[in-house]
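Here's the structure we're looking at; comments come further down.
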Amino acid sequence: MRPALSYRGLLLAIALGGLAARGDEPTAPHPASRTQQELMAERGLVRHRGAWRTVQEIALIERTEKASLAQREWKKRLERLRRQLDQPAQADRAAEEIRGISDPAAVPSLTAALATEGLVRVRGFYVEALSHIQAQDALVALVALAIDHPDPETRIAAVERLAVIGPHLAVPPIAAALQSPDNARINRAAEALGRLGVPAAVAPLINALQTEHVTVQGDGKGEGSMSATFTPGGGGLAMGGGPKRTKVVVSNERVLEALVALTGANFVWDAAAWRAWLANRQSPPPDYDLRRG
């Protein structure tokens, strides 16, 4: 007869039997044993340069760095080509290479070069290059040149390029410059619109035919000094001491010239007559059947 098991022996036998029954079955890891990488991966984050980022953030960082590198390379390349323009043996090839640029990454370097270049001929190369670049930045740069570059020939070159790549794209931003507080800028924008030859520019030109400004006298700049600011809602006289502000109406010659060029009509400074003419041109003829379109 087998001796009876003690109470402690019985507990030990039960424990050993349980382990034998489980055999080699793997045990599930405790949640605390999961790595940080696994936890962050569940949240859609990846370790990138010492920080946890989304895949989209990493892609944006890499695109930005790639664009910045390309822009730096274009700066060096354009500087090299500019030096070659002064060397007779390399000038023709360098000019052809500049004029054929079409990489959007070159826009910052081209606009910077246009701001400092002293030769009209070379500025023409840069303007032509901008016109070959199919990017919004290039269009914005050409519009800015057409309105604000101090050299008339460069402004004309920019307008001519805008006329080739799409005058309808250039009219809205140039027309917006007609609301400038600077009369000189208003007239430069009007000149550009007249050269583009787009009828859609007629309405904003009529609105800019004469603009109201305010002259300021006695503002501490010395006796008889005067400055002008634009006010779309009119001006008036300042009461009491201090600067005196007087509303003046300025007629913009280039705006009138652009209107005449675009319409073939001439109502001089009569904005009401211009608007009546435009309304008549935009109205359908008397025998137009609206039902048939």
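Please treat every number below as a calculation from the coordinates, not as lab data. A quick note: this is a predicted structure, and the numbers were derived from the prediction, not measured. Cβ sites come from the backbone with ideal geometry, for glycine too, and all protein chains shown count toward neighbours.
Overview of results
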{"quantity": "Potential extension, GLU153-ARG72 segment - 0.36 nm per residue separation minus Cα distance", "calculated": "26.3 nm"}
{"quantity": "Point-charge dipole on Cβ atoms (K/R +1, D/E -1) for the stretch 97-224, about Cα centre, debye to 20", "calculated": "240"}
{"quantity": "From phi via Karplus (6.51, -1.76, 1.60), per-residue ³J(HN,Hα) for the stretch 172-178 in Hz, x at Gly/Pro", "calculated": "x, x, 6, 4, 4, 5, 5"}
{"quantity": "Total charge dipole magnitude, the stretch 86-126, about the Cα centre, Cβ charges on Lys, Arg, Asp, Glu only, Debye to nearest 20", "calculated": "120"}
{"quantity": "Using θ = phi - 60° and Karplus 6.51 cos²θ - 1.76 cosθ + 1.60, couplings along the stretch 82-88 (whole Hz; Gly, Pro as x)", "calculated": "5, 5, 5, 4, 8, 10, x"}
{"quantity": "Amide H contacts under 5 Å for HIS48, placed H, 5+ residues apart", "calculated": "ARG53"}
{"quantity": "Surrounding net charge for ASN252, when Lys and Arg each add one and Asp and Glu each subtract one, Cβ distance under 13 Å", "calculated": "-2"}
